[in-house]
Amino acid sequence: MGRLSVDLCGLPLDNPIIPASGTFGYGYEFAELYDINVLGTFSFKGTTKDPRFGNPTPRIAECNAGMINAVGLQNPGVEKVISEELPKLKKCFNKKVMANVSGFAVEDYAYTCEKLDKEEQVGWLEVNVSCPNVHGGGMSFGTNPEAAAEVTAAVKKVTTKPVIIKLSPNVTDIVSIAKACEAAGADGISLINTLLGMRIDLKTKKPVIANKMGGFSGSAIFPVAVSMVYRVANAVSIPVVGMGGVSSAEDVIELMLAGATAVEVGAANLIDPYVCRDIINDLPAVMDKYGISNLKDIIGGVK
Amino acid sequence: MGRLSVDLCGLPLDNPIIPASGTFGYGYEFAELYDINVLGTFSFKGTTKDPRFGNPTPRIAECNAGMINAVGLQNPGVEKVISEELPKLKKCFNKKVMANVSGFAVEDYAYTCEKLDKEEQVGWLEVNVSCPNVHGGGMSFGTNPEAAAEVTAAVKKVTTKPVIIKLSPNVTDIVSIAKACEAAGADGISLINTLLGMRIDLKTKKPVIANKMGGFSGSAIFPVAVSMVYRVANAVSIPVVGMGGVSSAEDVIELMLAGATAVEVGAANLIDPYVCRDIINDLPAVMDKYGISNLKDIIGGVK
Amino acid sequence: MKQSFFRIINNTQLTETVYKMKLSGDVSDITSPGQFVNIKIDGLYLRRPISVCDSENDVLTLIYKVVGKGTEKMAEMEIGTELDVLTGLGNGYNTAVSGEKPLLIGGGVGVPPLYMLAKKLIAEGKKVNVILGFNTKAEIFCEEDFKALGAEVVVATADGSYGVKGFVTDALSDVDYTYFYTCGPEPMLKALYKATATSGQFSFEERMGCGFGACMGCSCKTITGYKRICKDGPVLEKEEILWAD
Amino acid sequence: MKQSFFRIINNTQLTETVYKMKLSGDVSDITSPGQFVNIKIDGLYLRRPISVCDSENDVLTLIYKVVGKGTEKMAEMEIGTELDVLTGLGNGYNTAVSGEKPLLIGGGVGVPPLYMLAKKLIAEGKKVNVILGFNTKAEIFCEEDFKALGAEVVVATADGSYGVKGFVTDALSDVDYTYFYTCGPEPMLKALYKATATSGQFSFEERMGCGFGACMGCSCKTITGYKRICKDGPVLEKEEILWAD
């Protein structure tokens, strides 16, 4: 148990650093760059019942200190994730992985989670009720406490693994949604997913992204993440996984002070593929600078 | 009528550039820097029925590509605004000004607007139902369609001047709130006010801002503004005043393409006091670059 | 893929909007012509993908067109500036299948990656024909460079101000080729897809997030399945292309 | 207030965390000692307010302590770097009321603005006493500069490693003064508020948004009403101060 270790829903993490879903594929590509076993864990690409190509391109737009994506949950479907992606991952990652799941109906979520529950490699189920890039689903579950609770309860019925519900920031009252998930049995809450954003190309006068709008992420959104993690962590008793614009060891400490037990790193992986490894390496010195002996002691420690 | 002119709720503007409330005081201080008559108009400091000191300091936190403020509607109260600030403004500004009004009860809004309605210098009333920095009021009116409509109707009863309702982005469904305001008689909608944000000082482990959270603004939030202006402008028939992270002529054009009739410039004034003058000077060349003859032709022109 | 730091050796203007930048640094991960690099630019969030024009002896050559904020900033960069670059991205062209007389067809800013390809094909002992397409004479670049390698070069200009009047497809009938390689704007690629007689390889462009296969930002559908332009591409074989509309 | 561009002439380290930067540019708007400038720093959103240490012949001198990202970046700036600076901010000290024997009391990074004040008071023919407070000998700077102006200087160090052992208040009893001016950390200002025998002027610090009176980010309550530290301050008279708690 080192200075960086934390416990996430009963499972130990060597450190709280978790590459976020959709920015780390199924892991093995980053394993060509560095030993991904240095990570706490990572959250794999959002997986659905059926295979999906996702949205038309362009899917990416640049912003000041951030980016918009509208990938739309491209993934090979849960059967292939289990038969092809997990075996590939096993060769380069000997820790439990966080399985990220999306759906378009409550039964979809349950179906996918039930399949993944059988996989010994999966440590946690991160259930995304907040994808802004798919119609008729995703985010609509995360903007309503009853719908979020319904998904939570359905998933809890089919798995014994810890269930972490990933929430959208595009809501009036994220606290009420987090509480509804907790009441429905969630073992943890992760937040924030992306903000809804849009850019227009002045030359063509068209939206930069084919799908018009998309999910805005990157360091620009960090202050929104701090505020929402703080509010949710003060309202629920289950662990909170913080994310949103994290790109440095300092950001990790700030989100943990706000109440995060672990921290996901998203868009930064796309700009600097080594950022998670670097944050883990930087943490001890940054902790020393701010008089922090053990990371787990600062969770929610803001005065 | 120049290339830059637009019409806002029946009143002509030489150009669509409007310094946003809270970043331009009552105007006369900027008049020491440049002739503020070059502006379309400006929205003066949020004014309430009674004088207010606002929140304790620190009220300001820096962010990546933005800042958080928690000023809390410091202002001398509507009586003094009329007796002292407007006469000072008259000496340096010969256009109609936009009067920004906040309140803590429906009657407060009506009281303040009724007083300002009598002032010939006031062209528009911008009614802020979205201040994130005051307890028991402000933003709570702007997160609920019925409450926003009630404020709108109460204000409309006491004035014949155009009423523009300023909305908060911290909501699940800004379109329903905008529509409720339109149905209650609003002449225009302005958006977005600031996002809720927070920063924590790693040295002291305390929130940077005394009030803990505050309103996050600056170029970081621009993609959220584009998305919300686009959605609201496509849902209402009244003019939309766009704002949120605007700092260049390009940003102005992008928000107008998204649906804004005029554009407010906020935090950028605090970093570069000449930014509004510079944007107005830059607009013709930038319009030429993108093949735009007249600004009014591009309002909502995104394809 | 490798992340390393490069120093700008020179940065010169070739036409009104096209620049050539030479950088010194570790090019060991650049293994095929047609690959690209992804450059971090101060003040911009996303890296900028630029195709490799040449790579040899720790010198990387890029030819880029100023089309937006990123390339505007690149054009202003001074000699000695240090850049954070991801190298060795993308699959690149496969020269093994070219036959004896490969034809290279480039349009506008699609021309640069064909330079390193021509060099490799010629080194492999093949007879290389090149067709370059530009809008007008003033926009032409690289013609002499290809000739210096020993390639046969035909230039087409849309306005007829130089060489063959018309598009690259108008110059196609005069050439005898065993295989072709192309890079350029999508309308040109589509026209070549129809007008060419042999098999070939096409290099595609798409807005990218990461540039190394992580984000699925630049996916496309092909006959052989979904592909990421940045990782499984940017080069696709003629037989696997599914045009978007 | 004026916005203008300055070029760094030099940037040298005085102590472990304190640096002195000289810049050339238009200082015409800096009219009183105790004013500050607000500097745009690449990559940071808000400008950084730094008190003016000296301003003469188009040379601006700043002494700053590295306390965060902004000052870290300043410490790394090279000679020749151009900076966007707002000058002439704040009210500054009023020397007209000093009497014949003003006392200047600075603590730590509050010392620099007193230098230009001492210079002005001495030029006005006054006999200037200065008390400088630091934690320890290694942190002392500017002592010789004040002496070179002709001021009487006493240094106090909290650990007694140099000069008077203790705080600036411990050096107060030995000085005969008609008025005082001070700048330093708030606990020191509060102690002086009680310990001083005459009227005086205090310079305050607060987190600022704009630095020129627009945003109300740095307001404080005083006996004479609400004041903006950046515009109506940073200097307040002893008689108007209302301590926050």
Per-selection Kirkwood Rh - segment B:1-153 (Cα, Å, 1 d.p.):
16.3
Could you state the angle between the C-alpha long axis of helix C:186-195 and the longest principal axis of the C-alpha atoms of chain C, as a value from 0 to 90 degrees rounded to the nearest 10?
30
Enter the Cα centre distance for the pair segment C:121-145 and segment D:16-53, rounded to the nearest angstrom.
55
For segment A:23-116, what is the charge dipole size about the Cα centre, in debye to the nearest 20, if Lys and Arg each add +1 at the Cβ and Asp and Glu each add -1 at the Cβ?
160
Whichever lysines have a C-alpha closer than 20 Å to that of C:Lys126, once near sequence neighbours (fewer than 8 apart) are set aside
C:Lys101, C:Lys147
Which Cα, out of A:Gly72, A:Cys9, B:Ser176, lies furthest along the positive dipole direction of the protein assembly as shown (beta carbon charges, K/R +1, D/E -1)?
B:Ser176
In Å, descending, principal axis extents of the Cα set of segment C:170-216
42, 20, 13
Would you mind giving the average projected area, over all directions, of the Cα convex hull of segment B:182-294 in nm² with one decimal?
9.2
In percent, what relative contact order does segment C:2-89 have, based on Cα pairs under 8 Å that are 6 or more apart in sequence?
42
In whole Hz, the Karplus estimates of ³J(HN,Hα) for segment C:96-104 (6.51, -1.76, 1.60; θ = phi - 60°; x where Gly or Pro) are 5, 9, 6, x, 7, 10, x, 10, 10
When the Karplus curve 6.51 cos²θ - 1.76 cosθ + 1.60 is applied with θ = phi - 60°, which whole-Hz ³J(HN,Hα) does each residue of segment C:221-226 get, with x for Gly and Pro?
8, 10, 5, 9, x, 6
Placing a label point 7 Å from Cα toward Cβ, how far apart in nm is B:Lys296 from its equivalents in the other copies, listed shortest first to one decimal?
6.7
Quote the charge dipole size of segment A:68-175 about the Cα centre in Debye, to the nearest 20; the model charges only the Cβ of Lys and Arg (+1) and of Asp and Glu (-1).
500
Please list, in order, the residues from segment D:10-28 whose amide nitrogen is less than 13 Å from a point placed 7 Å along the Cα→Cβ vector of D:Thr136.
D:16-17
Quarter of Cα convex hull surface for segment D:95-205, i.e. mean projection, nm²:
6.0
For segment D:108-152, alpha-carbon Rg relative to the globular expectation (2.2 N^0.38 Å, N residues):
1.14
Counting sequence-distant residues (5 or more places) and residues on other chains, those with an amide H built under 5 Å from that of D:Ser219 are D:Ile229
Count, for each residue of B:64-73, the Cβ atoms from other chains sitting within 10 Å of its Cβ, then give me the mean as a whole number.
6
Estimate the FRET efficiency between C:Thr12 and D:Glu16 by the formula 1/(1 + (r/R0)^6), using the beta-carbon distance for r and 51 Å for R0, to the nearest 0.05.
0.65
Just name one of C:Met116, B:Met198, D:Gly88: the one whose Cα is farthest towards the positive end of the charge dipole of the protein assembly as shown (beta-carbon charges, Lys/Arg +1, Asp/Glu -1).
B:Met198
What percent antiparallel are the DSSP beta bridges of segment A:64-216, to the nearest 5?
40
Going by Cα centres, segment A:241-261 and segment D:199-245 are how many Å apart?
34
Residue by residue, what Karplus-based ³J(HN,Hα) values in Hz, rounded to whole numbers, does segment A:50-66 have, using 6.51, -1.76 and 1.60 with θ = phi - 60° and x for Gly and Pro?
9, x, 9, 7, x, 8, x, 8, x, 10, 10, 9, 8, 9, 5, 6, x
Give me the log10 of I(q) over I(0) for chain B at q = 0.17 Å⁻¹, as the Debye formula computes it from C-alpha points; what are the numbers?
-1.52
Computed magnitude of the charge dipole of the protein assembly as shown (debye, nearest 20; Cβ of K, R +1, Cβ of D, E -1)
1100
Tilt of helix C:112-123 relative to the longest C-alpha principal axis of chain C, in degrees (0 to 90, nearest 10)?
70
Over its alpha-carbon atoms, the protein assembly as shown yields an Rg and a Dmax in Å of 31.5, 102
To one decimal in nm, how far is B:Gly185 from the same spot in the other copies, if labels go 7 Å from Cα toward Cβ? Please give the shortest first.
5.2
Report, in listed order, any pair from D:Lys22/D:Lys120; B:Lys80/D:Lys190; B:Lys88/B:Lys157; C:Lys73/D:Lys22 with a Cα-Cα distance greater than 23 Å.
B:Lys80/D:Lys190; B:Lys88/B:Lys157; C:Lys73/D:Lys22
Dividing the alpha-carbon radius of gyration of chain D by 2.2 N^0.38 Å (N being the number of residues), what value is obtained?
0.96
How about segment A:105-199: which GluC sites (Glu not before Pro) there are in a DSSP loop, with at most 12 other Cβ atoms within 10 Å of their Cβ?
A:Glu120
P(r) tail for segment B:100-206, what percent of Cα pairs lie past 25 Å?
21
5 angstrom amide H check on A:Gly46, placed H, neighbours 5+ away:
A:Gly22
Estimated FRET transfer efficiency (B:Lys289, D:Ser24; beta-carbon r; R0 41 Å; 0.05)
0.70
Count neighbours as other Cβ atoms within 10 Å of each site's Cβ, and list the trypsin sites (Lys or Arg not before Pro) in segment B:175-281 that are DSSP loop with at most 13 such neighbours.
B:Lys203
Long-range amide H contacts for C:Lys2: which residues qualify at under 5 Å (H placed 1.01 Å from N, peptide plane, sequence gap of 5 or more or a different chain)?
C:Thr87
Output the Kirkwood hydrodynamic radius of segment D:2-89, Cα pairs only, in Å rounded to one decimal.
12.7
When the charge dipole of the protein assembly as shown is computed with +1 on Lys and Arg Cβ and -1 on Asp and Glu Cβ about the Cα centre, the Cα farthest towards its positive end, among D:Gly160, C:Thr224, C:Phe134, belongs to C:Thr224
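Taking each residue of A:213-219 in turn, how many C-beta atoms of other protein chains fall within 10 Å of its C-beta, and what is the average?
Across A:213-219, the average partner-chain Cβ count within 10 Å equals 4.
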Ordered shortest first, which distances in nm separate the 7 Å Cα→C-beta label point of A:Lys91 from those of the other copies?
7.9
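Need one number: % antiparallel among DSSP beta bridges in the protein assembly as shown, to the nearest 5.
Values: 110 of 198 bridges.
Antiparallel bridges: around 55 percent, rounded to the nearest 5.
Bear in mind these aren't lab numbers, they're just calculated from the coordinates by the rules spelled out. Please read these numbers as outputs of a predicted model, since none were measured by experiment. We place every Cβ from the backbone using ideal geometry, glycine too, and count neighbours over all the protein chains shown.
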